Structures are given as C-alpha cells and as structure tokens.
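Enquirer: Before anything else, here's the structure in question.
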Amino acid sequence: EVFAEKQREQRELWRSVRERAQSLKAWGNSEMQDREVGTELAAKTYREALRIVSEALLEDKPLELALRLNLAEAFARLDQWAESEEESCRALELEPSSTKARFRRGRARLKLGRVEEAKE
C-alpha cells in the first residue's frame, strides 16, 4: 500500500512537471514572435523547461525533443551557433530521424565553418 501511494505521488509529480514544461514551451514560443528581445527570453524559458523535466526525471521524448529543437532555433537566431549545434545534436540523440534537427545542426555547422560536417 505504501508503494502504491508512492507511485501515485510520482505520477502526480510527473503530470504537474509535464504541464509546467508545456506551459513554459508555449510561453517560449510566444516570446519567439518578438524578434528583438523575445528570442533571448525564449531561450531562457526553454532552458528552464528542460531543467524541470530533467530534475523530475520525467521521460517524455516528444516534449524534450520539441524543447531542444526550439532552443536550437533560439540559439540560431541569437547567432550562438555552437549552442545551436549542441542542442540539435541532443535532439538527434532523442530522434535520429528528425529532419528539423538535422537541418538545424547542418546550418549551425555551416555557420561555424565546418562545411564537411554540415553535410552529415
């Protein structure tokens, strides 16, 4: 019975974390619409969402993939190409067939002057 209660508590925690992360993702998406100051805010918002997902040990690949792809795009808009490449690579670890992640990684590598690697 104690074990069942702990399981219920953990499921509730994960539900709460998932809702919070999805809310932050939506907020970040909204911030990305403001190209002047919003992108930097969006990057921070996406990072916060990833942090809470990670700390809660929540395994939600689609949510994490979306957050990493969005963060990669935010970094690209900020001309932070190494960070954009890193997030794109993390997205590809989650979903190796992600066309969006491959495109963003390739674009970042081109901007970093790594033309041959960009073709991968």
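Enquirer: Place a +1 charge on the Cβ of each Lys and Arg in region 42-116 and a -1 charge on the Cβ of each Asp and Glu, then give the dipole magnitude about the Cα centre in debye, rounded to the nearest 20.
Expert: 360
Enquirer: Fully extended, how many nm does the chain gain between residue 40 and residue 10 (0.36 nm per residue separation, minus their Cα-Cα distance)? Working shown, then result.
Expert: Working: separation 30, 0.36 × 30 = 10.80 nm, distance 3.28 nm.
My answer for the length gained is 7.5 nm.
Enquirer: Calculate the FRET efficiency for residue 57 and residue 89 from the Cβ-Cβ distance with a Förster distance of 25 Å, rounded to the nearest 0.05.
Expert: With a Förster radius of 25 Å, E is 0.70.
Enquirer: Here's another thing I want to ask about it. Consider a paramagnetic label point 7 Å from the Cα of residue 20 along Cα→Cβ; state which residues of region 56-77 have an amide N under 12 Å from it.
Expert: In region 56-77, the label zone of residue 20 (backbone N under 12 Å from the point 7 Å along Cα→Cβ) covers 56-58.
Enquirer: Given a Förster radius of 22 Å and the C-beta distance between residue 116 and residue 79 as r, what FRET efficiency does 1/(1 + (r/R0)^6) yield to the nearest 0.05?
Expert: 0.50
Enquirer: Shifting gears a bit: Any chance you could get the radius of gyration and Dmax over the Cα atoms of region 54-120, in Å?
Expert: 11.8, 38
Enquirer: Take the chain, drop everything but the C-alpha atoms, weight them equally and run the Debye formula without solvent; then report log10 I(q)/I(0) at 0.22 Å⁻¹ to two decimals.
Expert: -1.16
Enquirer: Oh, and also: Can you compute the helix-only [θ] at 222 nm over the chain? Use -39500 (n - 2.57) per DSSP H run of at least 4 residues, normalise by all residues, nearest 500 deg cm²/dmol.
Expert: Value at 222 nm, helices only, nearest 500: -27000 deg cm²/dmol.
Enquirer: Please list 3J(HN,Hα) in residue order for region 24-34, calculated via the Karplus relation 6.51 cos²θ - 1.76 cosθ + 1.60 where θ = phi - 60°; whole Hz, with x for glycine and proline.
Expert: Per-residue couplings from phi come out as 5, 4, 4, 5, x, 4, 5, 5, 4, 5, 8 Hz.
Just so you know, all these numbers are worked out from the coordinates, no wet-lab data involved. None of the values given here were measured: they were computed from a predicted structure. Backbone-built Cβ (ideal geometry, glycine too); neighbour counts: all protein chains shown.
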